[in-house]
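Everything on this sheet refers to the single structure shown next.
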Amino acid sequence: MKFHTRRPTALAAILLTASVALTACGDDGGDGGDSGSGGDGGGALSMTMLPKNLGNPYFDTSTKGAEKAAEELGAEIEEVGPEAASPDAQVSYINTVAQQGQDALILSANDPEALCDAIDEARSADVKVVTFDADTNPECRDLFVNQATAEGIAAKQLELISEQIGGEGEIAILSASANATNQNAWIEMMETELAENPDYANIELVDTVYGDDEDQKSFDQTEALLQNHPDLKGIISPTTVGIAAAARYLSDSDAKGKVALTGLGTPNQMREYVENGTVESFALWNPEDLGFLATYAAAALVNGDISGEEGDTFEAGDLGEFEVGADGVVLLGEPFTFNADNIGDFDF
Ligand code: RAM
């Protein structure tokens, strides 16, 4: 087992399994890339991995998991994707998958609806479509592999910011792109929770801005937030690109240690800022496991082991057995909190 849990597990157990897995995974010696070489009889499955954008360490890590799964499955997988996290830019890649008659497309969608026509075409050409990380509308795809429940992700980020600002003051959100399904679902739940949970009665969300998962834009938006809201106490950035850029800005500014920052980040991108006191804690799941699980789910669909109906079950290598839930959703686990005490145990 890796850094992954499908049921509540003691922190110590998570950390132990995490470090064991990280040691065990190591580097694949440069051979994991295009996998390719032959299936186990009957021809290798052909799959395409389409992240929101390329050049984002989060997706580099999920693709690494996908390649590992493909190798175990004797499947071929290729990563393609745009530079910018926009839906238009993803459409041409989906069209290519349909034209090539690939067996499966695994994608993190930049928009819930805008990709659906292209996905429909692909599905008509018998391509199985699995979303992971960011879903489309459920009718468009066969399965969504969800990293954690939206409620859990929203609740975790509010819990962390509240702790860090002493339960009161102005906060802002620095998000990814304005039509990202995943971030928008989390933001909506945070807004509801802020409005309804008496624990957060003294916290006011004063602004939500978008860095489009571009480093420089996210950095600039952080600067603008601080200028526009002189009383700001904290920022939640539910994107690994945003939180890393915001941390870099804060780390070199007078606001370091005064304006709290939390959200969703990768340990490797955030380590420096946790160690230098800019960031106290943040959350995430293991993107490698997410890509790994999505690839096993796609293979189970292609092989006819599952159809995507609620109650279907399939095996995902070392991660064990998973069950398809309502609306064709497969759940990886729960978000995990990183801080100065544990960040040294992780390498992704
Ligand atoms: C960024 C992307 C991705 C999201 C993570 C938390 O890498 O926006 O979709 O899940 O952050």
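Odds and ends about this structure:
- Condition check for Ser177: within 30 Å of Phe132 (Cβ to Cβ), part of a helix (DSSP H, G or I), out of contact with any Cys (no Cβ under 7 Å at 6 or more places or on another chain) and polar (S, T, N, Q): no
- Residue match in region 246-254 (condition: more than 23 Å from Ser62 (Cα to Cα), free of Cβ contacts under 8 Å to residues at least 12 places away in the same chain and of a type outside the set (A, V, I, L, M, F, W, C)): yes
- Number of positions in region 290-302 that are away from the ligand (no atom under 13 Å from the Cβ) and in contact (Cβ under 8 Å) with a residue 24 or more places away in the chain: 9
- Exclusive hit being within 16 Å of the ligand (Cβ to nearest atom), closer than 21 Å to Asn182 by Cβ and touching a residue at least 12 places away in the same chain (Cβ under 8 Å), set Pro112, Pro138: Pro112
- In the set (1) within 20 Å of the chain's Cα centre (by Cα); (2) over 22 Å from Val206 (Cβ atoms), the condition left unmet by Asp252 is number (1).
- Within region 299-318, considering residues that are among the acidic types (Asp, Glu) and over 24 Å from Ser124 (Cα atoms), the one surrounded by the fewest Cβ atoms within 10 Å (Cβ to Cβ): Glu315
- Scanning region 266-321 for residues that are over 18 Å from the mean Cα position of the chain (by Cα), among the small types (Gly, Ala, Ser) and in a helix (DSSP H, G or I) yields Ala299, Ala300, Gly317.
This table checks each residue for (1) under 16 Å from Gln221 (Cβ atoms); (2) charged (D, E, K, R); (3) open to solvent by 10 Å² or more (accessible area, probe 1.4 Å).
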site	(1), (2), (3)
Thr239	yes, no, no
Ala247	yes, no, no
Leu250	yes, no, no
Met270	no, no, no
Asn276	no, no, yes
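- Count of region 52-91 residues which are away from the ligand (no atom under 16 Å from the Cβ), part of a helix (DSSP H, G or I) and farther than 15 Å from Val127 by Cβ: 8
- Restricting attention to region 171-194, the residues that are touching a residue at least 40 places away in the same chain (Cβ under 8 Å) and surrounded by fewer than 19 Cβ atoms within 10 Å (Cβ to Cβ) total 1.
- Complete set of residues in region 139-197 that are within 13 Å of the chain's Cα centre (by Cα) and more than 20 Å from Val209 (Cβ to Cβ): Phe144, Val145, Asn146, Gln147, Ala148, Thr149, Ala150
- Scoring Lys258 on the criteria (1) without any contact (Cβ under 8 Å) to a residue 12 or more places away in the chain; (2) open to solvent by less than 10 Å² (accessible area, probe 1.4 Å); (3) not aliphatic (A, V, I, L, M) leaves a single failure, condition (2).
The values are calculated or read from the model by the stated rules, or taken from the named source; none is laboratory data. Here the structure is a predicted model, which is why all the values come from computation and not from measurement. Cβ atoms come from the backbone with ideal geometry, glycine included; neighbour counts cover every protein chain shown. For accessibility, only protein heavy atoms count, side chains too; no ligands or nucleic acids. Shrake-Rupley method; radii C 1.70, N 1.55, O 1.52, S 1.80 Å.
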